[in-house]
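Trainee: One structure coming up, written as structure tokens, with questions to follow.
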Amino acid sequence: MWAFAAPIVASGEHFVWEADTPEDRLRAYWIEKEAPASALVAVVDDGTAEGRVAGIAEIHPNQPGRGSHIANAGFMVDPTVRGQGLGRALGEAALARAKADGFTAMQFNAVVATNTRAVDLWHSLGFRTLAVLPETFRHPARGMVGMHLMFREL
Ligand SMILES: CC(C)(COP(=O)(O)OP(=O)(O)OC[C@H]1O[C@@H](n2cnc3c(N)ncnc32)[C@H](O)[C@@H]1OP(=O)(O)O)[C@@H](O)C(=O)NCCC(=O)NCCS
């Protein structure tokens with residue numbers, strides 16, 4: 001996943017991580033999950049038996065302790081295969097996995113408002129925007145922009 005994750009993070013347009021966030025920290029966040037957290041991958045055919053990982057979803061409790069029944073999740077799809085349904089498939093799979101793992105809702109705290117493809121996708125999967133938190137994200141090209149606080153019952 002690092003081949004597509006590194007440039008996505010470095011673009012600074014989608015996530016709050018600094019562009020120079022080290023690989024081991026991102027791997028720990030995205031992949032090295034312990035239950036009830038989990039990671040899902042989208043695999044595309046590349047002519048090999050295993051296929052190629054072209055997208056990833058990670059699921060984790062949004063809060064510890066008494067808030068841990070609400071899931072949070074993150075998603076990344078390789079830009080070379082976007083618009084082919086992998087993001088939607090990962091979103092649907094993450095919702096199903098979170099429900100199967102006992103979470104009662106999924107909450108997104110930080111969907112950057114300029115990331116309209118993600119905002120539209122999450123709305124189409126049943127999330128509603130509860131608030132757009134003003135000037136909470138320093139976009140590298142557009143300056144201060146808002147972030148959507150989103151919620152969906154499972
Ligand atoms: C958001 C993201 C995961 C979507 O992945 P994807 O594989 O492109 O998603 P899909 O192909 O399932 O398309 C989802 C929706 O995007 C829109 N879309 C697809 N192709 C598009 C294009 N070329 N231009 C604009 N919108 C497009 C459509 O509304 C589509 O909905 P549909 O299923 O009704 O057609 C991906 O763009 C990504 O990794 N972005 C960078 C990281 C990120 O933003 N993560 C989410 C943070 S909240």
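Every read-out reported here was derived from the displayed coordinates using simple, explicitly stated rules and does not represent laboratory data. The model shown is predicted, which means the values in this text are computed figures rather than measured ones. Cβ placement follows ideal geometry from the backbone for every residue including glycine, while neighbour counts extend to all protein chains displayed.
Trainee: Tell me the mean residue ellipticity at 222 nm calculated for the chain from its helices only (DSSP H runs of n ≥ 4, each -39500 (n - 2.57), averaged over every residue, nearest 500).
Mentor: -8000 deg cm²/dmol
Trainee: With θ taken as phi - 60° and the coefficients 6.51, -1.76 and 1.60, list the Karplus ³J(HN,Hα) couplings across the stretch 145-154 in order, rounded to whole Hz; mark glycine and proline as x.
Mentor: 10, x, 10, 7, 9, 10, 8, 8, 5, 10
Trainee: What does the charge dipole of the stretch 98-154 about its Cα centre add up to, to the nearest 20 debye, if the Cβ of each Lys and Arg holds +1 and the Cβ of each Asp and Glu holds -1?
Mentor: Approximately 120 debye in magnitude.
Trainee: Let me ask another. Can you sort 17, 122 so the residue with the fewest Cβ neighbours within 10 Å comes first?
Mentor: Arranged by neighbour count, lowest to highest, 17, 122 become 17, 122.
Trainee: Can you give me the pair-distance distribution of the stretch 88-129, C-alpha pairs, 10 Å bins, whole percents?
Mentor: Going out from 0 Å in 10 Å bins, the stretch 88-129 shows 26, 56, 17, 0 percent.
Trainee: Hey, what do the phi angles of the stretch 68-83 turn into as Karplus ³J(HN,Hα) couplings, whole Hz, using 6.51/-1.76/1.60 and θ = phi - 60°, x for Gly and Pro?
Mentor: 3J(HN,Hα) across the stretch 68-83, in whole Hz: 7, 7, 9, 8, 10, 8, x, 9, 8, 10, 3, x, 6, 10, 6, x.
Trainee: So for the chain, Kirkwood radius off the Cα pairs, Stokes-Einstein at 37 °C and 0.692 mPa s: how many µm² s⁻¹?
Mentor: This corresponds to a translational diffusion coefficient of 204 µm²/s.
Trainee: Can you list residues from other chains, or at least 5 along the same chain, whose modelled amide H is less than 5 Å from the amide H of residue 105?
Mentor: Placed amide hydrogens put 71, 154 under 5 Å from residue 105.
Trainee: Quick check for me: using +1 on Lys/Arg Cβ and -1 on Asp/Glu Cβ, what's the dipole size of the chain about its Cα centre, in debye to the nearest 20?
Mentor: 500 debye
Trainee: Taking θ as phi - 60°, what are the ³J(HN,Hα) couplings along the stretch 53-65 by the Karplus curve (6.51, -1.76, 1.60), each to the nearest whole Hz, with x for Gly and Pro?
Mentor: In residue order, the calculated couplings are 6, 10, x, 9, 10, 10, 10, 8, x, 5, 9, x, x Hz.
Trainee: Go through 81, 95, 148 and say which Cα lies farthest out towards the positive end of the charge dipole of the chain; charges sit on Cβ, +1 for Lys and Arg, -1 for Asp and Glu.
Mentor: 148
Trainee: Then there's this: When only C-alpha pairs under 8 Å and at least 6 residues apart count, what is the relative contact order of the stretch 2-153, in percent?
Mentor: 18 percent
Trainee: Along the positive direction of the dipole of the stretch 2-153 (beta-carbon charges: Lys, Arg +1; Asp, Glu -1; about the Cα centre), which of 19, 7, 63 reaches farthest?
Mentor: Of 19, 7, 63, it is 63.
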